[in-house]
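Student: Let me begin by handing over the structure; questions about it come next.
The values are calculated or read from the model by the stated rules, or taken from the named source; none is laboratory data. Keep in mind that this is a model prediction, so the values were computed, not measured. Heads up, the Cβs are rebuilt from the backbone with ideal geometry, glycines too, and the neighbour counts pull from every protein chain shown.
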Amino acid sequence: MKGSYRVLNKDDIHKNLEDHVTRLSSVLSVPRPAAAILLHNYTWQVDKLLRAWFDDEDGVREYVGLSKNNRPTKGFPRSGEVLVCGICFRTYNFDIRFESTVGFCGHRFCTSCLGAYVSRAIDDGPACLFLRCPDRYCGAVIGQDMVDLVVSDEGKMKYKEFSIRSYVENNKEIKWENNRGIKWCPALGCEYVVECDLKSESYDVSERFDVTCDCSFSFCWNCLEESHHPVKCETVANWVLENSYDGRNHQDFDLRGSRLYFWENFHSFTLKFLQFWKVGWGSLWSGLSSAPSSESGNTILAVSKLCPGCREQKIENDKVTMHMTCQCKHEFCWICLGPYKDHDYAACNSYRENVEGEVDVEERVTKSAKRSYRRYFHYYERWVANHKSRENALAYLNVIKTEKLEQLRELVEEHGLKARKFGFLAEAWEQIVECRRVLKWSYVYGYFMPEEASSKTKLFEYLQGEAEVALERLHDCAKNTLEKYLNLDGLAHEFDATRTELVNRTRATRIFFANFVNGVSNGLEEAESDS
């Protein structure tokens with residue numbers, strides 16, 4: 001998979017950009033600044049540009065501002081010659097070391113005026129890539145050679161940034177690069193670009209295609225969401241819509257305006273409408289003012305919950321695991337609040353309807369809305385819980401890499417122990433992070449499973465529960481191993497045994513989750529064959 005894509009920094013991108021400019025300059029026998037202007041105007045679609053150029057070169061030149069009619073008719077001025085600026089109309093002495101003319105037309109301006117004109121355009125945004133001569137009757141374009149001549153270093157960097165962004169955002173397919181597409185990493189603040197071989201055997205535009213940026217963010221090349229196996233891009237898009245009733249991004253957990261709030265209030269509004277249908281506006285108006293708030297949603301997604309054992313202590317889930325332990329020693333599951341000793345992950349993960357008796361029309365409408373809301377909330381709650389646990393695991397992984405591993409190395413050196421390698425600790429936590437991601441999106445898969453596919457649902461929930469168990473065991477093993485190593489006695493006498501246990505546990509968990517993902521991705525065919 002890694003061989004089908006590579007990660008580029010801005011220097012790499014700029015080098016690729018310059019290579020494209022050089023090639024086009026050679027093919028068309030035009031100066032490099034002119035080649036860059038042509039590529040910007042044709043959004044880096046080289047085939048389209050070449051066809052247009054050889055069909056009507058003069059028309060292309062006129063379109064981009066390189067028309068031969070714009071070329072200067074006057075001779076080149078002599079050094080020291082007194083000229084008149086075309087903007088401020090003041091006289092100035094021409095200095096051959098600093099040619100204050102627009103290169104493609106020869107209109108002359110003093111350095112300060114032309115520099116201010118170009119700098120203002122750069123400050124206004126990427127339209128500076130198509131900037132024309134300040135002369136009102138001239139259509140000649142201002143290229144990068146002139147920009148570099150008259151603006152500050154900061155202005156040059158901004159112009160270069162706009163060029164790079166134009167190159168990346170317009171280059172989904174580059175014919176001269178054997179159909180290699182490039183896209184920005186969607187992680188917040190990341191400035192890396194991923195270049196993907198669109199003809200690679202491992203690439204399929206109809207399926208998810210995961211890549212990992214050098215910033216450690218993994219995302220799907222096709223939809224640019226975070227890596228979301230085992231679900232497809234279409235399912236992710238539907239889930240985003242489910243969580244975005246007011247158009248908010250699905251990672252915004254503010255309930256007001258979200259689908260949660262909508263469904264929480266929908267059943268009440270529906271009931272009030274039926275009341276109005278029967279008795280009129282008065283009942284409706286008085287009823288709407290008493291619509292329920294989002295308290296139940298906030299309770300389920302709360303950062304802290306009351307211990308179900310003592311009902312006194314508030315427990316805050318800032319951990320990687322769902323296994324909570326109160327000060328009263330009661331152990332419970334963060335999601336279902338059931339006792340952890342007899343916890344059944346398959347039962348915890350599956351959604352079960354309450355048994356209902358006979359109801360009238362009003363109750364059926366209300367209960368239907370409530371049921372839809374409860375079912376959605378069941379899966380959304382677990383999606384959020386795994387999202388937050390993954391964030392906590394990522395944070396702890398960073399602590400391990402930046403602090404804990406160095407602390408262990410210092411202990412080894414301080415006490416003269418045999419040199420140890422601790423990379424397997426980071427690998428275990430990286431696997432925990434990845435497993436949390438898989439579990440997070442597995443709840444989206446469960447939400448969109450057809451309700452009539454009972455055999456598939458049962459198999460899926462069983463496998464999902466086993467995956468939860470495997471992850472919790474890996475987490476406990478990784479946590480206990482690190483604690484033992486931070487204790488000198490464990491580091492000196494139990495290193496090999498605990499290392500072997502953690503490495504084996506990490507490998508087993510990786511294999512289990514890979515099989516889980518493959519099974520879900522293939523539609524749980526085993527369940528279909530058994531049904």
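So that you can scan it fast, the table gives a plain yes or no per residue for (1) closer than 19 Å to residue 135 by Cβ; (2) of a type in the set (A, V, I, L, M); (3) at pLDDT below 90:
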site: 27; (1), (2), (3): no, yes, no
site: 32; (1), (2), (3): no, no, no
site: 42; (1), (2), (3): no, no, no
site: 66; (1), (2), (3): yes, yes, yes
site: 70; (1), (2), (3): yes, no, yes
site: 85; (1), (2), (3): yes, no, yes
site: 98; (1), (2), (3): no, no, yes
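Student: Need the failing condition index for residue 417 against (1) in a helix (DSSP H, G or I); (2) touching a residue at least 12 places away in the same chain (Cβ under 8 Å), just the number.
Tutor: In the conditions (1) in a helix (DSSP H, G or I); (2) touching a residue at least 12 places away in the same chain (Cβ under 8 Å), residue 417 misses (1) alone.
Student: Based on what the data block shows, is residue 446 over 14 Å from residue 485 (Cα atoms) and buried (at least 17 other Cβ atoms within 10 Å of the Cβ)? Quick ask: steps written out before the conclusion?
Tutor: On the way: over 14 Å from residue 485 (Cα atoms): yes; buried (at least 17 other Cβ atoms within 10 Å of the Cβ): yes.
Spelling it out, residue 446 is indeed over 14 Å from residue 485 (Cα atoms) and buried (at least 17 other Cβ atoms within 10 Å of the Cβ).
Student: Right, another one. For residues that are crowded, with 16+ Cβ neighbours inside 10 Å and out of contact with any His (no Cβ under 8 Å at 6 or more places or on another chain), tally how many sit in segment 450-476. Talk me through it step by step, then tell me what you get.
Tutor: Taking segment 450-476 as the starting set, the residues that turn out to be crowded, with 16+ Cβ neighbours inside 10 Å are 453, 456-457, 459-461, 463-465, 467-468, 470-472, 474-475.
This time we only want the ones that are out of contact with any His (no Cβ under 8 Å at 6 or more places or on another chain), so: 453, 456-457, 459-461, 463-465, 467-468, 470-471, 474-475.
The total comes to 15.
Student: Further, regarding this structure: Just checking, which of 263, 239 is modelled with pLDDT of 85 or more and farther than 28 Å from residue 23 by Cβ? Step through it out loud before you land on a result.
Tutor: Details: 263 fails: modelled with pLDDT of 85 or more.
When all the criteria are applied, what remains is 239.
Student: Also, quick follow-up: When you scan segment 32-66, how many residues do you find that are outside any helix (DSSP H, G or I), farther than 17 Å from residue 168 by Cα and touching a residue at least 12 places away in the same chain (Cβ under 8 Å)? Outline the logic, then answer.
Tutor: Kept after step one, since they are outside any helix (DSSP H, G or I), are these residues of segment 32-66: 42-45, 56, 65-66.
Now drop any that are not farther than 17 Å from residue 168 by Cα, which leaves 56, 65-66.
Narrowing further to those that are touching a residue at least 12 places away in the same chain (Cβ under 8 Å): 65-66.
Of the residues in that region, 2 qualify.
Student: While we're here: Select, from 445, 485, the only residue that is at pLDDT below 90 and of a type in the set (Phe, Trp, Tyr). So that I can check it myself, show each step before the final result.
Tutor: On the way: 445 fails: at pLDDT below 90.
Checking each option against the conditions leaves just 485.
Student: Test residue 129 against the criterion of being closer than 13 Å to residue 109 by Cβ, in contact (Cβ under 8 Å) with a residue 12 or more places away in the chain and in a helix (DSSP H, G or I), and give yes or no. Step through it out loud before you land on a result.
Tutor: Numbers: closer than 13 Å to residue 109 by Cβ: no; in contact (Cβ under 8 Å) with a residue 12 or more places away in the chain: yes; in a helix (DSSP H, G or I): yes.
Judged against the criteria, residue 129 is not a match.
Student: Can you name the helices (runs of 4 or more DSSP H) wholly within segment 420-531 that have at least 2 residues being out of contact with any Pro (no Cβ under 8 Å at 6 or more places or on another chain), touching a residue at least 24 places away in the same chain (Cβ under 8 Å) and under 30 Å from residue 237 (Cβ atoms)? If you could, list the steps in order and put the result at the bottom.
Tutor: Details: elements: 423-447, 454-486, 488-493, 495-521, 525-530.
Those helices (runs of 4 or more DSSP H) span 423-447, 454-486, 495-521, 525-530.
Student: Got a sec? Which strands (runs of 3 or more DSSP E) wholly within segment 302-360 have at least 2 residues that are closer than 27 Å to residue 394 by Cα and modelled with pLDDT under 75? First the steps, then the outcome.
Tutor: Details: elements: 304-306, 314-316, 323-325, 331-333.
In segment 302-360, 304-306, 314-316 are the strands (runs of 3 or more DSSP E) which contain 2 or more residues that are closer than 27 Å to residue 394 by Cα and modelled with pLDDT under 75.
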